[in-house]
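For reference, the structure is listed below as structure tokens.
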Amino acid sequence: MVFTAHAAHLLTPDPAFLKFLWTGVDLFFVISGFVFAPLLLSGGFAIRAYAIRRVFRLYPLYLVSLPLYYLIAPESAEKFVYLLKHLLFLGTTSGAHEAFFFNPAYWSLPVEVEYYLLLPLLARLVAGRFWVVLGLFAIFCCLRFGIVLGATPFAVPEPNWLAILRVHLPGILIEFLVGVFVYVAHQHWLGSAQRSQALLAGLMGLVLWLALGLFFARHGDQGIGVHLWLKAYFSLLCAIGYGLMLFGLLGLMRCEDGWCRMSAFFLGNLSYGVYLFHILVLRLYAQSGLSLPGVVAFIACALSVLALAMLGHHLVEHPARTFGRRLASRYAPVRRDSR
């Protein structure tokens, strides 16, 4: 979805609705919240093993992609400083120019890292109590509104600190928590014969998503910006739409057979590489001077991105994650035999 949003200009001079697919990043936050919900609700876990797995999941392919973007980035007096800050996931701490200098898609990675760092503390705070999650959601919804109310645009030369917080965890935690709600709801209705509930939720999410997409296609960012509530919660509404659709799909598709699980793992394995490398391919195509027909250019770029993602997964991601799991297993708590 994010690739399509960034490559939409290849398909049509008026992308409109296709640009709305940038909200795929909101889906990413929801899925991340869903995946880590068991840890959040666990009351505590082995932090060292968890940290090792996270480092070897996130860093290796990122460290491969960053020098490639450095090579094709325009010359700037601040270029090397930007590189150092990106290495520490601090590239979104001063403004849009730095955040988007190498790869606009990088902006979401610091948020993910912050969630990883906060998760052990959140797990102890929540301690399995769902009402605490609801309380956190309410608090951060209010915080999000206050941040947006006082924030300058992130793209201005010197955005204020509220604009910075808006693209970090204080402004985005609520989207991760939507994924937690989906996980809890799915566990509650797991095995239920009432598939109509899942279908209804999925349809509600689809209707909400389409309504938001059509609004964006007609009014764009400016239309969102003139309405304070939409400006504050447009991304959250997108996340809720994705959460409802995710809940619906989980209820309707058991995905217990071989082909379904294999397809899901295959796509999951490629997703991070696609996210990291798609801007690289689009920029190289733009710099190449080639003038392919729009649809052909889109397909060629998409296939190139997939090829890079597959290569990155097999040569970097999979070996690094395997090593990380082995290393983390040394620090995982040993369960005693109940006998």
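Overview of results
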read-out	value
Residue check for P120: of a type outside the set (K, R), in contact with a Pro (Cβ under 8 Å, 6 or more places away or on another chain) and either over 30 Å from L252 (Cβ atoms) or modelled with pLDDT of 95 or more (or both)	no
Selected residue [of a type outside the set (D, E), part of a helix (DSSP H, G or I) and either without any contact (Cβ under 8 Å) to a residue 24 or more places away in the chain or touching a Cys at 6+ places or on another chain (Cβ under 7 Å) (or both)] from L173, L143, L162	L162
Cβ-Cβ under 8 Å pairs, at least 6 apart or on other chains, region 41-70 side within 18 Å of H313 (Cα to Cα), far side basic (K, R) and surrounded by 15 or more Cβ atoms within 10 Å (Cβ to Cβ)	R53/R321; R53/R325; F56/R321; F56/R325; R57/R321
Residue satisfying all of: in region 53-98; of a type in the set (D, E, K, R) and assigned to a helix (DSSP H, G or I); surrounded by the fewest Cβ atoms within 10 Å (Cβ to Cβ) among these	K79
Top-ranked residue in region 284-328 [being out of contact with any helix residue (DSSP H, G or I) (no Cβ under 7 Å at 6 or more places or on another chain) and hydroxyl-bearing (S, T, Y); ranked as surrounded by the most Cβ atoms within 10 Å (Cβ to Cβ)]	T322
Failed condition for F137, given (1) in contact (Cβ under 8 Å) with a residue 60 or more places away in the chain; (2) in contact with a Phe, Trp or Tyr (Cβ under 9 Å, 6 or more places away or on another chain)	(1)
Filter result for the condition that a residue is within 30 Å of R48 (Cα to Cα) and over 20 Å from the mean Cα position of the chain (by Cα), over R321, R283, R326	R326
Among the residues listed as C260, C255, C238, the single one being of a type outside the set (S, T, Y) and outside any helix (DSSP H, G or I)	C255
Residue ID - surrounded by the fewest Cβ atoms within 10 Å (Cβ to Cβ), chosen from residues in region 154-187 that are more than 18 Å from the chain's Cα centre (by Cα) and of a type in the set (V, I, T)	V156
In region 99-110, the residues that are in contact (Cβ under 8 Å) with a residue 24 or more places away in the chain, aromatic (F, W, Y) and outside any helix (DSSP H, G or I)	F101, F102
Failed item in (1) surrounded by 15 or more Cβ atoms within 10 Å (Cβ to Cβ); (2) modelled with pLDDT under 95; (3) not in a loop (DSSP other than H, G, I, E, B), with V113 passing the rest	(2)
Of all residues in region 146-156 being touching a residue at least 60 places away in the same chain (Cβ under 8 Å) and outside any helix (DSSP H, G or I), the one that is nearest to V184 (Cα to Cα)	A155
Check on L83, within 18 Å of the chain's Cα centre (by Cα), at pLDDT 95 or above and within 18 Å of I279 (Cα to Cα)	no
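The values are calculated or read from the model by the stated rules, or taken from the named source; none is laboratory data. Given the structure is predicted, the values throughout are model-derived calculations rather than measurements. We place every Cβ from the backbone using ideal geometry, glycine too, and count neighbours over all the protein chains shown.
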